[in-house]
Amino acid sequence: MSNKSLKQITIMAVLIVWSAICLYPLLWMIGASLKNSQEVMQSYSLFPSETWHWGIFVDVWNKLKFFKYFTNSVNVTFFTLIGVNFIYSLGAFAFAKLDFPGKTAIFYGFLAMMFVPGITILIPLYLTEYYLGILNSHLGLILPMVNGAGPFAMFLFRNYFHSIPHEIYESAKLEGSGLFRIWWRIYFPLSLPAVATITIMNFLGSWNTLVLPMVMLTNKDLFTLPLAVMLLDSGVFRQWNVLMAGSLISIAPVILVFFFMQKYYIQGLSSGAIKS
Amino acid sequence: MNKRKEMVAGYAMIAPAILLYLMVGLVTLLFSIWIAFQHVNAGSLISSAKFAGFDNFKDFLWGGDSVATGMFFSAIKNNLIIAASLIVIVIPLSLVLAVLLQNIRWFAKGFRTIFLIPMVTASVAIFYVWQGIYDPAGALNTTLSAFGLDALVAKNGWLGEINTALPAIIAQTCWGAIPATLILYVAGLQSVDTHLYESADIDGATALQKLLHITWPVLRPITAIAVIMTINGAMQIFDNIWLMTKGGPAGSTQVVNVLVYQDAFASGKLSRANAMGWTVFLVTFLFSLISLKALRSKT
């Protein structure tokens, strides 16, 4: 065997081992959700040895109201994504193309917020929401999440708009298009790759977010999926199969979206680093 | 006239972003600084506020409340242990994996997808799985005894014993933190100009010389970013610890954010918790600056 193929085989072996480590918890989750509750901690095999208990998913979805929690998560995530993409695309267009007093100062003042970590302002945010009367509402989750995503989205959109040739803007203006129209009909459609990046980054973030709803929501009917999964664990003894079925329902959308949009996700991660 | 129109349009376009920023961002931020210097009661906030000077900070920094001080410093210590462990484990491991990904001839994309899974699934769901793995009857103990390593088995579960809980948390955190760093290095390695390697080969450069003079200059700033990201992540850690241990057993995995959360929302000490939040923020910021300086000054 040549030296080169030996090297390739060694690399392959290491990568396969690491893949197994990455995938094991997910496979364990799938396996445990299909076992009965005694079998989970007693059997060595990852998947059930005899019957596969699919029924548990139906129970979790219907009896444990996961349909409702799922809808809540979709609701919160959807409006967060809409807000982030439209508000900051519009703002970035102004920062990239228009001229107005205080532009640079406002832009950097806005970006500076990025450095303040979430938990530092969590307590005053709770109080602010209390005074605004939006505690225990989905709006109370959406607004801070949109704002939290703001600096990164604004930065990405502005860079993207800068990379579009200025002639396009000039000729649209000569044709007499209004500024809002230029943004909506030309710049927003041209920036769809940036929209995709921002969408996937914030989809994962808002879908999995935990502390914010933990603090802001007490009404169980409004719970998002992470909190709903925690509800499954509130009994005296833990039913692993139920807990894992709920867990799987809660992360399945994230995994699906990731597989279809991973190119944009990777771009987002890399550009996030360049930003900092 | 045209200028004026542009100005009005400009302000109108940034208005939604700025309004939101003022409402849940800036006002909240100023509110937060103000509260840190007040005595407030949980029930009637603003009306009960009394100026406290540095009392809230004294409580947990200089033994104003000796229990709080003890808890705060042991939590900070755990954050720092986690940060140091992550830097030592995550960064080299990510670099090695990125180099291997760069050199594999088949399935590079497939591997990269799989390697991102820990980050994508980082949620309540996956933390429960890790609890299951660390359970007294869980996969880790079972595997250890299957290999005859009964001495290593944690009888109360890996998260249930004071000596093993923090290492177990760190292992799980590393697992979740590698993807982000890995992607940085993958992007970095791809941006290295391959022509430079070819001309270095013609000049007869050794592998070490190529590493030092071609690869490392590209990877150094990336490493700086990775270190800062890691420090920030370790100081901000909350979700996985809250789910898996809530800081226990006996405070052995307590970290600052869990303490802030408990102090504010379980004990009702809103202003003290807020002061803690700010202290951690400043400490994190300081560490980030130091590591940035250190990695910049090295040639």
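The values are calculated or read from the model by the stated rules, or taken from the named source; none is laboratory data. The model shown is predicted, which means the values in this text are computed figures rather than measured ones. Here Cβ is always computed from backbone atoms with ideal geometry, including for glycine, and neighbour counts include all displayed protein chains. We work out accessible area using only protein heavy atoms, side chains counted, and drop any ligands, DNA or RNA first. Shrake-Rupley method; radii C 1.70, N 1.55, O 1.52, S 1.80 Å.
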- Task: Please find the FRET efficiency linking B:F107 to A:Y131, where r is the Cβ-Cβ separation and R0 is fixed at 45 Å, and quote it to the nearest 0.05.
- Result: 0.25
- Can you give the net charge of the other residues whose Cβ lies under 14 Å from the Cβ of B:D55, counting K and R as +1 and D and E as -1? +2
- Using alpha carbon positions and the Kirkwood radius, the Rg to Rh ratio of the stretch B:136-291 is 1.14
- Query: Within the set A:K35/B:K246; B:K246/B:K269; A:K7/B:K210; B:K50/B:K77, which residue pairs have Cα atoms separated by over 30 Å?
  - Reply: B:K50/B:K77
- From Cα coordinates alone, what are the radius of gyration and Dmax values for the protein assembly as shown in angstrom? 25.4, 84
- Within straight-line cross-link reach of A:K103, lysines at Cα separation under 19 Å, skipping those fewer than 8 residues along the same chain: B:K3, B:K5
- Message: Using only the alpha-carbon atoms, what does the stretch A:81-171 span along each of its principal axes? Please give whole angstrom values in decreasing order.
- Response: 48, 25, 20
- Query: If you line up the Cα atoms of the stretch A:3-42 on their principal axes, what length do they span on each, largest first, in Å?
  - Reply: 50, 15, 11
- Karplus-derived 3J(HN,Hα) from phi for the stretch B:167-176 (6.51 cos²θ - 1.76 cosθ + 1.60, θ = phi - 60°), whole Hz, x at Gly and Pro, runs x, 5, 4, 4, 4, 5, 5, 4, 3, x
- Excluding ligands, DNA and RNA, what is the solvent-accessible area per residue of the stretch A:124-276 at a probe of 1.4 Å, expressed in Å²? 42 Å²
- Stretch A:N36-A:W54 to full length: gain in nm at 0.36 nm per residue minus the Cα-Cα span? 5.5 nm
- Note on the structure: Given a Förster distance of 30 Å, the FRET efficiency implied by the Cβ-Cβ spacing of A:R185 and A:I255, rounded to the nearest 0.05, works out to 0.25
- Just tell me the longest site-free run in chain B, where the sites are trypsin sites (Lys or Arg not before Pro) in a DSSP loop having at most 16 other beta-carbon atoms within 10 Å. B:1-104
- Item | Long-range amide H partners of A:N36 with built H, under 5 Å | none
- Task: Whenever you get a sec, compute what percent of the accessible area on the stretch A:55-275 sits on carbon and sulfur atoms (1.4 Å probe).
- Result: 66 percent
- Interface B/A, total buried accessible area with a 1.4 Å probe, nearest 100 Å²? 7800 Å²
- Give the calculated FRET efficiency between B:M23 and A:S2 to the nearest 0.05, with a Förster radius of 51 Å applied to their Cβ-Cβ distance. 0.20
- Message: When the expected Rg is taken as 2.2 N^0.38 Å, what fraction or multiple of it is the alpha-carbon Rg of the stretch B:148-219?
- Response: 1.90
- Report the extension gain between B:H39 and B:A15 in nm, rounded to one decimal, defined as 0.36 nm multiplied by the number of residues separating them, less their alpha carbon distance. 5.1 nm
